[in-house]
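Q: Quick one: the structure is below, and I'll ask about it shortly.
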Amino acid sequence: MVGAILASCDSGKKGNGSPTEVEEEDPTALPYGATDTIEGQAVSPDCAKLNFDIERLQNRIDCVQSPNMLMRVKADFEHIRDSLCSCTSGLPSNEKELITAAVAHLNTTFKAACHEYEIPADGVISNLKNCIEQISRAQNSTQFYQVTDCRRGMLRSLDIIHLCVESNSSQIPEVKRLAAQLKNVYEQQLQRYSK
């Protein structure tokens, strides 16, 4: 997704091929699926590319159907949105207004997804504590893999698991602490039993 942002911001020429034959990229070419109009109004290629990237981010938000999907979108939403917004400086005012409206809609649907799929911290904390205890108690590789095989998704998401918790929760630091503790215990046991 970050690559798409950079494509929106940079319409410079790029070449590929042999050193003697340089193919120039058409700076007005739009990505597949992008259109040169927004709400029936003709726009520049730069604006069309920006809008295309906003629509891609919007589609990711629209596809959120679980706390797990939400935390993956939340992990990079603000960075992507802010990068897209920073690319509007060269646009004429009418195109800036179109992009501003698209970003406002993006923010609204993002907040709605957060409201619908964020979960209370208590359940996440309880799950992390339980997992720490079970992994710590494993006495052999069979026990270790019995505990971890059904939790692979969670174990791969420990760095961002706090993002599925309600944004206004005062327990987010505790979720982060327990996630770091679980990651440490898991990695130690993995090293021990994967030999």
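Q: Looking at the stretch 83-104, is at least one residue surrounded by 12 or more Cβ atoms within 10 Å (Cβ to Cβ), among the basic types (Lys, Arg) and in contact (Cβ under 8 Å) with a residue 12 or more places away in the chain?
A: no
Q: Also, quick follow-up: Please indicate, with yes or no, whether at least one residue in the stretch 139-153 is touching a residue at least 40 places away in the same chain (Cβ under 8 Å) and within 30 Å of Thr88 (Cβ to Cβ).
A: Within the stretch 139-153, none of the residues are touching a residue at least 40 places away in the same chain (Cβ under 8 Å) and within 30 Å of Thr88 (Cβ to Cβ).
Q: Hey, another quick one. Determine the pairs where a residue that is under 13 Å from Pro92 (Cα atoms), located within the stretch 44-58, has a partner that is among the aliphatic types (A, V, I, L, M) and open to solvent by 30 Å² or more (accessible area, probe 1.4 Å) with Cβ atoms under 8 Å apart, the partner being 6 or more residues away or on another chain.
A: Close Cβ pairs (under 8 Å, with a partner that is among the aliphatic types (A, V, I, L, M) and open to solvent by 30 Å² or more (accessible area, probe 1.4 Å)) amount to Pro45/Ala29; Pro45/Leu30; Ala48/Leu30.
Q: Assess whether Gln65 counts as being more than 30 Å from Gln188 (Cβ to Cβ), among the polar types (S, T, N, Q) and touching a Phe, Trp or Tyr at 6+ places or on another chain (Cβ under 9 Å).
A: On the way: more than 30 Å from Gln188 (Cβ to Cβ): yes; among the polar types (S, T, N, Q): yes; touching a Phe, Trp or Tyr at 6+ places or on another chain (Cβ under 9 Å): yes.
So Gln65 fits the description; yes.
Q: It is to be established whether one or more residues within the stretch 170-179 are loosely packed, with under 12 Cβ neighbours inside 10 Å and modelled with pLDDT of 95 or more. Lay out the reasoning, then the answer.
A: Let us first name the residues in the stretch 170-179 that are loosely packed, with under 12 Cβ neighbours inside 10 Å, namely 170, 173.
Narrowing further to those that are modelled with pLDDT of 95 or more: 170, 173.
Yes, that holds for at least one residue.
Q: Does Gly123 satisfy being in a helix (DSSP H, G or I) and in contact (Cβ under 8 Å) with a residue 60 or more places away in the chain?
A: Values: in a helix (DSSP H, G or I): yes; in contact (Cβ under 8 Å) with a residue 60 or more places away in the chain: no.
It is false that Gly123 is in a helix (DSSP H, G or I) and in contact (Cβ under 8 Å) with a residue 60 or more places away in the chain.
Q: Out of the stretch 42-86, which residues are assigned to a loop (DSSP other than H, G, I, E, B) and modelled with pLDDT of 90 or more?
A: Taking the stretch 42-86 as the starting set, the residues that turn out to be assigned to a loop (DSSP other than H, G, I, E, B) are 43-44, 63-66, 75-76.
Scanning the stretch 42-86 gives Cys63, Val64, Gln65, Ser66, Ala75, Asp76.
Q: Take Cys164 and tell me if it is surrounded by 15 or more Cβ atoms within 10 Å (Cβ to Cβ) and in contact (Cβ under 8 Å) with a residue 60 or more places away in the chain. Even if it seems obvious, please write down each step before you answer.
A: Details: surrounded by 15 or more Cβ atoms within 10 Å (Cβ to Cβ): yes; in contact (Cβ under 8 Å) with a residue 60 or more places away in the chain: yes.
Yes.
Q: Then there's this: Is at least one residue of the stretch 36-54 out of contact with any Leu (no Cβ under 8 Å at 6 or more places or on another chain), closer than 30 Å to Ser157 by Cα and surrounded by 12 or more Cβ atoms within 10 Å (Cβ to Cβ)? Break it down into steps so the answer makes sense when it comes.
A: First, the residues of the stretch 36-54 that are out of contact with any Leu (no Cβ under 8 Å at 6 or more places or on another chain): 37, 40, 42.
Next, from what is left, pick out any that are closer than 30 Å to Ser157 by Cα: none.
No, the stretch 36-54 contains no residue that is out of contact with any Leu (no Cβ under 8 Å at 6 or more places or on another chain), closer than 30 Å to Ser157 by Cα and surrounded by 12 or more Cβ atoms within 10 Å (Cβ to Cβ).
Q: Taking the criterion of being β-branched (Val, Ile, Thr), under 30 Å from Leu57 (Cα atoms) and touching a strand residue (DSSP E or B) at 6+ places or on another chain (Cβ under 7 Å), would at least one residue in the stretch 118-136 satisfy it?
A: yes
The values are calculated or read from the model by the stated rules, or taken from the named source; none is laboratory data. Remember, it's a predicted structure, so these values are computed and weren't measured experimentally. Using ideal geometry, Cβ is built from the backbone for each residue, glycine included, and neighbour counts are taken over all protein chains shown. Ligands, DNA and RNA are excluded from the accessible area calculation, which covers all protein heavy atoms including side chains. Shrake-Rupley method; radii C 1.70, N 1.55, O 1.52, S 1.80 Å.
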